[in-house]
1. With a ≥ b ≥ c taken as the square roots of the eigenvalues of the C-alpha gyration tensor of the range 1-64, please select rounded if a/c is under 1.5 and otherwise prolate if a/b is larger than b/c or oblate if it is not?
2. Considering lysine pairs in the chain that are 8 or more places apart or on different chains, how many have Cα atoms under 16 Å apart?
3. Only Cα pairs within less than 10 Å get springs; with that Gaussian network setup on the chain, which residue of Ala18, Ala51, Ala110 has the largest fluctuation?
4. Taking R0 as 35 Å, what FRET efficiency do you get between Met76 and Ile104 from their Cβ-Cβ distance, rounded to the nearest 0.05?
5. Given a 1.4 Å probe and the protein chains all in place, what does the accessible area of Tyr74 round to, in Å² to the nearest 10?
6. With charges set only on the Cβ (+1 for Lys and Arg, -1 for Asp and Glu), what does the dipole of the chain come to about its Cα centre, in debye to the nearest 20?
7. Using Cα springs under 10 Å in a Gaussian network model of the chain, which residue among Glu46, Glu123, Glu34 shows the largest mean-square fluctuation?
8. Most fluctuating residue of Lys85, Lys105, Lys43 in a GNM of the chain with Cα springs under 10 Å: which is it?
Amino acid sequence: MYEWIKAIHVIFMVTWFAGLFYLPRLYVYHAMPENTGSFTLFKIMERRLFAIMTIGAVITLVFGLIMLALNWQYLMVATHWFHAKLLLIVLLLGYHHACYKLMIKFRDDANTHDHKWYRWFNEAPSVLLIVIVILAIVKPF
């Protein structure tokens, strides 16, 4: 049963990250003044994508918590890599929340960042994904 729980966790983690990669990319285009004719469409796409990625995040977290409950002693006492992973997950949740706040600013036509800023903002989930996967697979410490 544990392997099924892990599979669902990974499937929805992929869904969540797909949204974390694509939503800020939409922000890049939404922040470009030459795309003003598409701003209404961007708002719809951003809202729908945020809903999908939030579902992915919730299911990822639920199944991650189930795995944690099933392996509490090992994960919380015997490993340090997991503590680092938890910290990165907290940062990832903060990034997710930042995406929400930015979506609201775009919705309200109150964006204050240019497309170059969003290009840099778009890189954070890539770095987090790389480190989280290394920690979970390699378990370096």
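1. It is prolate, given that a/c is not under 1.5 and a/b is the larger ratio.
2. 4
3. Of Ala18, Ala51, Ala110, the Gaussian network model singles out Ala110 as fluctuating most.
4. Approximately 0.50, to the nearest 0.05.
5. The accessible area comes out at roughly 100 Å².
6. For the chain, the charge dipole is close to 80 debye.
7. Result: Glu34 has the largest fluctuation of those listed.
8. Result: Lys105 has the largest fluctuation of those listed.
The values are calculated or read from the model by the stated rules, or taken from the named source; none is laboratory data. Being a predicted model, the structure only gives us computed values, none of them experimental. Backbone-built Cβ (ideal geometry, glycine too); neighbour counts: all protein chains shown. Note: areas computed on protein heavy atoms with side chains; ligands, DNA, RNA excluded. Shrake-Rupley method; radii C 1.70, N 1.55, O 1.52, S 1.80 Å.
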